[in-house]
Amino acid sequence: NIPSVSSIAQTWILTQRSWKSQIRDKSIMYVRTFAAIFVSALLGVIFFHSSDSDDNLVNSSLFLLCCFSLLALPSISKYIDLRILFQREHSSNYYNTFPFFISNIIVETPILLFTVILYGSIAYVMIGYYKSFTHCIFFILIVLIVIEICYSVCQFIGSFVSNVNSAIALYVLFILYSLLLGGFIIQKKNLPKQLWFLLNTSYFYYGFASIIINEFEDRGDFGQHVIDGFSLTGQNKYYCFYFLLIVWIILNIIQ
């Protein structure tokens, strides 16, 4: 049997339901917005106008990525509940897989985009990152795609793990692995050449590399020294972004 309505109608109905589910408990949206403002403002105060300090610029960039990676953690229980709901309704032929997938993206992406723009813009101005509109936009895009990957990983784990504690443990393991091979705790030049390929398995490496290159590529010799120090010479920030985008697409396809 197949659903009696078209895929477009399924997507519209599911989008409406997902949106109502999101706004039913407004406290969650308020908490997410407050957390974004608070963390970005706190980060801005701590690293206020650090444009002349490469250590502060690097450390603040690192914290930004780590913070968003951890903020995705509470969503695991939600995705486990969604999977149970999807399996029950899909098995009854209420709708197909694709409309369910698209409706969730339609609802969640604008909310996440608003949070990232708010969070990233406040931090970008207060910390004193490179003063360029295009650099700021690229910075926000990288933060957005990194957090999208984290949410997709949470959703992927929730698609086959029923126990919340087990799912959280797997996600923490994934984050620790990605951080360890992120290119800043252990730099590429300090790794045996036989293990360099492991950096390609860390989303954090490409996120961190793209932000560092974006921040320092136009700062002359001072910036090039920082890029060289992280063994990112010859790396292209747009390549890093496209790589992250492909990872996000693949994660959504295999769920």
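The values are calculated or read from the model by the stated rules, or taken from the named source; none is laboratory data. This structure is a prediction, so every number in the text was calculated from the model and none was measured. Because the Cβ atoms are built from the backbone with ideal geometry, glycine has one as well, and the counts that use them run over all protein chains shown. Each accessible area value is taken on the protein alone, full model and side chains, heavy atoms only, with ligands, DNA and RNA left out. Shrake-Rupley method; radii C 1.70, N 1.55, O 1.52, S 1.80 Å.
Entry remark, region 207-242: residues being at pLDDT below 90, among the aliphatic types (A, V, I, L, M) and touching a Gly at 6+ places or on another chain (Cβ under 9 Å) number 1 in total.
Is at least one residue of region 137-151 open to solvent by less than 50 Å² (accessible area, probe 1.4 Å), part of a helix (DSSP H, G or I) and farther than 28 Å from L118 by Cα? No, region 137-151 contains no residue that is open to solvent by less than 50 Å² (accessible area, probe 1.4 Å), part of a helix (DSSP H, G or I) and farther than 28 Å from L118 by Cα.
Considering each residue of region 65-73 in turn, at least one proves to be open to solvent by less than 40 Å² (accessible area, probe 1.4 Å) and not in a helix (DSSP H, G or I).
Do you know which of the residues in region 156-167 that are in contact (Cβ under 8 Å) with a residue 40 or more places away in the chain and hydroxyl-bearing (S, T, Y) is surrounded by the most Cβ atoms within 10 Å (Cβ to Cβ)?
Pass one, region 156-167, residues in contact (Cβ under 8 Å) with a residue 40 or more places away in the chain: 156-159, 161-162, 164, 167.
Keeping just the survivors that are hydroxyl-bearing (S, T, Y) gives 159, 162.
Numbers: S159: 16, S162: 10.
Among those residues, the one meeting the criterion is S159.
Could you give every pair whose Cβ atoms fall below 6 Å, whose first residue belongs to region 34-52 and is basic (K, R), and whose second residue is assigned to a helix (DSSP H, G or I) and open to solvent by 40 Å² or more (accessible area, probe 1.4 Å), counting only separations of at least 6 or pairs across chains? Going by the 6 Å Cβ cut-off, there are no qualifying pairs. Look at F133 and say whether it is open to solvent by 10 Å² or more (accessible area, probe 1.4 Å), free of Cβ contacts under 8 Å to residues at least 12 places away in the same chain and at negative phi. In short, yes. Sub-8 Å Cβ pairs linking a first residue in region 56-68 that is more than 12 Å from F204 (Cα to Cα) and at pLDDT 85 or above to a second residue that is of a type in the set (D, E) and open to solvent by less than 20 Å² (accessible area, probe 1.4 Å), at least 6 apart or interchain, are L57/E215, ordered by first then second residue. Of the residues making up region 74-96, those that are part of a loop (DSSP other than H, G, I, E, B) and under 27 Å from Q10 (Cβ atoms) are S92, N93, Y94, Y95, N96.
Taking region 160-190 only, how many residues are of a type in the set (A, V, I, L, M, F, W, C) and assigned to a helix (DSSP H, G or I)?
Narrowing region 160-190 to residues of a type in the set (A, V, I, L, M, F, W, C): 160-161, 164, 167-170, 172-176, 179-181, 184-186.
Next, only the ones that are assigned to a helix (DSSP H, G or I) stay: 164, 167-170, 172-176, 179-180.
Residues in region 160-190 being of a type in the set (A, V, I, L, M, F, W, C) and assigned to a helix (DSSP H, G or I): 12 in total.
Of all residues in region 104-130, exactly one satisfies the criterion of being of a type in the set (S, T, Y), loosely packed, with under 15 Cβ neighbours inside 10 Å and under 21 Å from I46 (Cβ atoms), namely S121. For region 7-30, the tally of residues that are open to solvent by 70 Å² or more (accessible area, probe 1.4 Å) and modelled with pLDDT of 80 or more stands at 7.
Filtering region 109-129 to residues that are out of contact with any Leu (no Cβ under 9 Å at 6 or more places or on another chain) and farther than 24 Å from I249 by Cα leaves L118, S121, Y124, V125.
Considering only region 31-49, I want to know if a residue exists there that is open to solvent by 60 Å² or more (accessible area, probe 1.4 Å), more than 18 Å from Y129 (Cα to Cα) and in a loop (DSSP other than H, G, I, E, B). Taking every residue of region 31-49 in turn, none turns out to be open to solvent by 60 Å² or more (accessible area, probe 1.4 Å), more than 18 Å from Y129 (Cα to Cα) and in a loop (DSSP other than H, G, I, E, B).
So which residues in region 97-106 are of a type in the set (S, T, N, Q) and over 12 Å from W12 (Cα atoms), if there are any at all?
Restricting attention to region 97-106, the residues satisfying the condition of being of a type in the set (S, T, N, Q) are 97, 103-104.
Result: T97, single match.
Looking at region 168-220, which of the residues that are small (G, A, S) and either open to solvent by less than 20 Å² (accessible area, probe 1.4 Å) or under 22 Å from the mean Cα position of the chain (by Cα) (or both) is nearest to S75 (Cα to Cα)?
Step one: list which residues in region 168-220 are small (G, A, S), which gives 169, 178, 182-183, 202, 207, 209-210, 220.
Restricting the remaining residues to those that are either open to solvent by less than 20 Å² (accessible area, probe 1.4 Å) or under 22 Å from the mean Cα position of the chain (by Cα) (or both) gives 169, 178, 182-183, 202, 207, 209-210.
Values: A169: 13, S178: 19, G182: 23, G183: 27, S202: 21, G207: 21, A209: 26, S210: 26 Å.
Within region 168-220, the match that is nearest to S75 (Cα to Cα) is A169.
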